[in-house]
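Written below as structure tokens is the structure these notes are about.
The values are calculated or read from the model by the stated rules, or taken from the named source; none is laboratory data. Note that the coordinates shown come from a computational prediction; the quantities given were computed from them, not determined experimentally. Methodologically, a virtual Cβ is constructed for each residue, glycine included, from the backbone with ideal geometry; neighbour enumeration extends over all protein chains shown. For accessibility, only protein heavy atoms count, side chains too; no ligands or nucleic acids. Shrake-Rupley method; radii C 1.70, N 1.55, O 1.52, S 1.80 Å.
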Amino acid sequence: MRGVLGCGVGVFSVGGYSRLLEPRWVEINTTGIKITGLPKRFEGMTIAQVSDIHHSKYVPREFVRRCVLKVNALSPDIIVLTGDYIYRSGEFLIPVAEELSELQAKEGVFAVLGNHDEKDQTIQVLSKAGIRVLVNEHVTLYRKSDYLFIAGVDDLLRGRVDLRRTLNGTDEKPKLLLAHNPDVIEMAKDADVDFVMAGHTHGGQVSFPFYGPPAVPTRSGVRYAAGLFYEGNTTMYVNKGIGVSWFPVRFLVRPEITLFTLQGVRNRRYDGSEELTSENCSGGPVSDVIHT
């Protein structure tokens, strides 16, 4: 009898943790990203990434607000949002956009669409909130005479990724790419992209000790579940997101805000030496120029 009760208490404890505690226990991961030929004025530039907010009855507005405050406390140079702002109902789009309008970055907030985002409405609402949505296009970010490119592609599942159009008009300067789905790496690694920031996976949302996530909703499966990856000359980071979908639980996959610091190097060397730390807390060129 005691064994049965003990087992029941254990199951209840795990269930309560994964439903009530971990989904709100945000971690802040920080990592340096090595970029070959990074212009000197961009050395040390910081980028905060937020992904897969999924504002819904499971991810309340107050939680989104707390995450926005955490991001602002990092004082990033730019902020990137890599898709899936709502879950299931469009009624959550305006409230989440109102919260995201409070994001503060020295050189702009940029976003791409996810597979849960209706294109036209999401672009309109986020743009009204002061967020630049990139759909198969890029902007040129200047610091005096130095510059690099920030690009964004359409969602791989719901839209049409056109990387050629996205990068048309760029040159040899560094290219940072926003993509909701990490499977985009298969195209980006052959397109002279330096760094890809993606989401979509939620890190599997559930992960088991010594095994990892049982499944990830991508064509590549669990290969790009979360974290840093190196494909050819391209680095990719897959963010675990801050929201939930399908099931309102997280287990050993805490919601995440990521802060990247760009570091210039002469030669790319992908040996996994970057340190990741956590704290609890087809047409013509489509481009814009941003001066700071």
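Laid out as a table, the results:
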quantity	calculated
Projected label distance in nm at PHE208 and ARG164, using a 7 Å step from Cα toward the beta-carbon	4.4
Two-site label geometry, LEU69 and ASP120: point separation in nm, points 7 Å out along Cα→Cβ	3.8
List TRP25, TRP246, ordered by accessible area with a 1.4 Å probe, largest first	TRP246, TRP25
Residues whose placed amide H lies under 5 Å from that of PHE251, excluding near-sequence neighbours	VAL206, SER207
Scattering profile of the stretch 12-56 at q = 0.20, 0.21, 0.22, 0.28 Å⁻¹ [log10 I(q)/I(0), Debye over alpha-carbon scatterers]	-0.82, -0.86, -0.90, -1.10
Mean ellipticity per residue at 222 nm, deg cm²/dmol - from DSSP H runs of n ≥ 4 across the chain, formula -39500 (n - 2.57)	-5500 deg cm²/dmol
Shape metrics for the stretch 135-272, restricted to C-alpha atoms - Rg then Dmax, Å	15.8, 49
Nearby lysines by direct alpha-carbon distance to LYS119 (threshold 16 angstrom, same-chain neighbours under 8 apart not counted)	LYS128
The chain - charge dipole about Cα centre, Lys and Arg +1 at Cβ, Asp and Glu -1, debye rounded to 20	460
Over 21 Å (Cα to Cα) - which of LYS106/LYS175; LYS40/LYS106; LYS57/LYS240; LYS40/LYS70; LYS144/LYS173 fall in this group	LYS40/LYS70
Segments 88-96, 13-21, 253-261 sorted - mean Cβ within 10 Å per residue, highest first	253-261, 88-96, 13-21
Electrostatic dipole magnitude of the stretch 57-158 [Cβ: Lys, Arg +1; Asp, Glu -1; Cα centre; debye, to 20]	280
Which of GLU172, GLU22, GLU231 is most accessible, then next, and so on - probe 1.4 Å	GLU172, GLU231, GLU22
Accessible-area composition of the stretch 98-195, carbon plus sulfur, in percent [1.4 Å probe]	42
Heavy-atom accessible area per residue - the stretch 78-155, 1.4 Å, Å²	36
Zone of ASP190's modelled label, taken as backbone nitrogen in the stretch 134-171 under 13 Å from a point 7 Å along Cα→Cβ	163-164
